[in-house]
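A short write-up of the structure that comes next.
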Amino acid sequence: MTHDRRRPLPVTIRSRLLLLVLSVLLPGALGVSWLIATTLASEREANARALRESARALSKVVDREITKRVAVAHVLTQSRWLDGAPEVTPEHLLNFEQLARRSMQDMSGWIELRAPGRVLLDTRRAAGSLAREAADEPTPAAPRDLVDVAQVQPLQRAGPDPDEEAYAAVIEPVERGGRTLLNLVLALRPMELQRIIDAQELPSGWVGTVMDNHGRVVARHPGGSAHTGRLATPDLRARLTAGDEGLFESVSLDGQPTQGYFSKSPQGWTYISAMPRKQFAGVLSQAIVQVALSALALLGLAVLGALWVSRRIVVPVYELKTAAARMQAGEPVEFRPTGIVECDEVASALADAAQALHHGRSVLERQVADAVARTRMAEQRASQSQRVEALGRLTGGVAHDFNNLLGVISNSAHLIQRHPAAAELQVPLAATLRAVEVGSQLTQHLLRFSGRRPVRPQKVHLARYLPEVQELMRSVLGRHIEIAVHVAPDTEAVRVDGGELELALVNLALNARDAMPAGGEMRLRARNAEAHDTEELNGLAQRRYVLITVSDDGVGIAPEVAERVFEPFFTTKDVGKGTGLGLSQVHGFCVQAGGAARLDSTPGLGTTVSLLLPADDGRAEAGAAESRVETGEPPVSGAQVLLVEDNEELGRVTAALLQSHGAIVRRAADAAEALRLIDEQPPVDVVLSDVVMPGGIDGLALARQLRRDRPGLPVVLISGYSQAAATATDLVVLRKPCAADDLLGALRHALATRAQSTADSGMAAGLPAA
């Protein structure tokens, strides 16, 4: 539902006062909120800056310590005592050991000199011990590949035992003549880096961490050696791969949410400073908290004041609402002062209007009652029309199946007649064929009700037609009933089946005669339909219509009976005096013509039946296709006939009938199977097909497809009710059930037409005629 922008949104007085208070106080509250937000943002920026500076300072201190060891290792690799590498004499090795120990006097850790598969020097051992052992037999070591490039290795253990001391290593290659002959290893104990971090005096709750290039903790504050060798959390390791430095959020190894900053060294080591996440978010100062609380208190007091004032205003307004409700209910309204001038004026106006409204209410109730009655009548008519339409579809389907049964009986009777012993059965066979004819007429009545019986519409001028049919109706009514015919001068012609219209009027005349056994008058009128006459037609009402009414002065019909009068076989007459098909024919005729039929009756006063028929639109009448049976045509004996019929019993009996006359019959249950059989050998001479079949192709579509693809192949259709078949003026359509002579005659005619077409084609091609 959209809102009209020209009208203001409905807002209560209380809401308006609250909006007024809020419009005054909210700017101040927004200012306080902005102050709090900027204060917290500034504090977060300061904390981020402090973390960054702390991480970078720690990075510089640790880098300086590592760089110092890298420089010492590089100088030692240039010693002249190693010029004889890889074979260093015990004397040179002893001199180099003294030099290495002097270099490590101010540093913790040790120095190793490694050759492939052995250790030449380890300052953790007694001075000169390895030199003496090397003179006798070199000390073996785990096989190691020499490192060709100076590097700082990650944290590792001195041996396989997990209790062995952990250390990081600066490795420098000893090169002579462009070849790497030895490796000098300068070990760095985590405790030295731990002393560096502890010396930084980080704030309480902060975390400082040094990690190697594999993401393992080398030194940490707080915790110290308890965390040495532990891997950083997975999210932090993923963050470290994204850049050389930056801000991050994570959970510390102690399980605390933290906000930190990391910085990487050129060697790939990482230095981290972090603080608790709550501390990083910022803490408001006492003054700001007081200002915020004061603003909230002021806002609350203002809202309470607005609510109190609004209550003093709303109560009189609610009294006006009560007065309006009383006026709406038709009760008297008394004027009582409310204390507010504007409200008093409105209350006085309500009291004056109440009296006028009471009078208008009574008038409106009468009008509404009339409208409800008309609406209820229209709904009843629509409901009756829908019920009868559904019944029409049902009867159409029943008639189709009944026609198939009649076809089975008719064809079977013809087969029996051709039997040598049929002479003794002529009487029952004749009775059977007469019963088939009666049943066929009954299905025609049902098809007429369902609107599926083929019709031949034509232009009918009622001004001339109704006076002419008056004499016929007079003979039906008898002398004791008068008949009056009146056609309005401007009444248009209708486009209907003239025979069906005459039958409908005769049926109505018969009902009128039975309703007036003591005599009376029947009135037949015609005029152009008006808008209210076509309301029940819904979308069809865009056309022009003509209304024909047939009225009598009979006994009338009860309402519960009037709802069913259009149903087939429904009758109130005694057994043998009525079939119940008269009014069903009237209804079927009107619906099939594109209009409607309705009945209005009052018990004791009479009945009026209204026929709403479409006016003629000026189109030319379409000619209906008729099958012609000519004599002297070739027999069907020896002809290849393709029978397309989905009903198994009817198909089997029809095939037997054709075979008894010498035809060679192939059967198909639907159009798809028929198309497949036509392509097989021997070729088909004629196709006999039902119209209504299962599948996506019916008999009409099959015939037209064969006419397009195989123009020389004749097709004969047979149908019980299809309106589509009746409109197929270019095809031969037989009515089901079809007499055997008519069926054989149509097939002979189709075969003769095919033979003549073949002969004409041969002469056109210059071939001699057969």
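The values are calculated or read from the model by the stated rules, or taken from the named source; none is laboratory data. Worth saying up front: this structure is predicted, and the values here are computed from it rather than measured. Cβ coordinates were reconstructed from backbone atoms using ideal geometry, including for glycine residues, and neighbour counts include every protein chain displayed. All accessible areas refer to the heavy atoms of the entire protein, side chains included, with ligands and DNA or RNA removed. Shrake-Rupley method; radii C 1.70, N 1.55, O 1.52, S 1.80 Å.
At a glance:
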read-out	value
Residue, least open to solvent (accessible area, probe 1.4 Å), within the stretch 478-514, restricted to residues that are out of contact with any helix residue (DSSP H, G or I) (no Cβ under 8 Å at 6 or more places or on another chain) and in a helix (DSSP H, G or I)	Gly499
Where Arg239 falls short, out of the listed (1) touching a strand residue (DSSP E or B) at 6+ places or on another chain (Cβ under 6 Å); (2) without any contact (Cβ under 8 Å) to a residue 40 or more places away in the chain; (3) within 20 Å of Lys60 (Cβ to Cβ)	(3)
Output for the stretch 42-57, where each listed residue is open to solvent by 60 Å² or more (accessible area, probe 1.4 Å) and among the polar types (S, T, N, Q)	Ser42
Search result, residues across the stretch 585-635 that are hydrophobic (A, V, I, L, M, F, W, C) and at pLDDT below 60	Ala620, Ala622, Ala624, Ala625, Val629
Tally of residues being β-branched (Val, Ile, Thr) and under 15 Å from Val62 (Cβ atoms) across the stretch 161-199	3
Wholly within the stretch 150-235, strands (runs of 3 or more DSSP E) carrying at least 3 residues that are buried (at least 19 other Cβ atoms within 10 Å of the Cβ)	166-176, 179-188, 207-211, 217-221
First in the stretch 95-108 and of a type in the set (Ser, Thr, Tyr), second anywhere and part of a helix (DSSP H, G or I), Cβ under 6 Å, 6 or more apart	Ser103/Val72; Ser108/Glu192
Among (1) hydroxyl-bearing (Ser, Thr, Tyr); (2) under 19 Å from Gly606 (Cα atoms); (3) modelled with pLDDT under 80 - the single one Ser551 does not satisfy	(3)
Total residues in the stretch 110-136, condition at pLDDT 80 or above and either touching a Pro at 6+ places or on another chain (Cβ under 7 Å) or open to solvent by less than 40 Å² (accessible area, probe 1.4 Å) (or both)	12
Any chance His3 is open to solvent by 40 Å² or more (accessible area, probe 1.4 Å) and at pLDDT 80 or above	no
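This table checks each residue for (1) surrounded by 15 or more Cβ atoms within 10 Å (Cβ to Cβ); (2) assigned to a helix (DSSP H, G or I); (3) at pLDDT below 70.
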{"residue": "Thr258", "(1), (2), (3)": "yes, no, no"}
{"residue": "Ile272", "(1), (2), (3)": "yes, no, no"}
{"residue": "Gln279", "(1), (2), (3)": "yes, yes, no"}
{"residue": "Val283", "(1), (2), (3)": "no, no, yes"}
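Here is a yes/no grid of residues against (1) buried (at least 19 other Cβ atoms within 10 Å of the Cβ); (2) closer than 17 Å to Ile664 by Cα; (3) acidic (Asp, Glu); (4) modelled with pLDDT under 75:
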{"position": "Pro714", "(1), (2), (3), (4)": "yes, yes, no, no"}
{"position": "Ile718", "(1), (2), (3), (4)": "yes, no, no, no"}
{"position": "Ala725", "(1), (2), (3), (4)": "yes, no, no, yes"}
{"position": "Ala728", "(1), (2), (3), (4)": "yes, no, no, yes"}
{"position": "Ser757", "(1), (2), (3), (4)": "no, no, no, yes"}
{"position": "Leu767", "(1), (2), (3), (4)": "no, no, no, yes"}
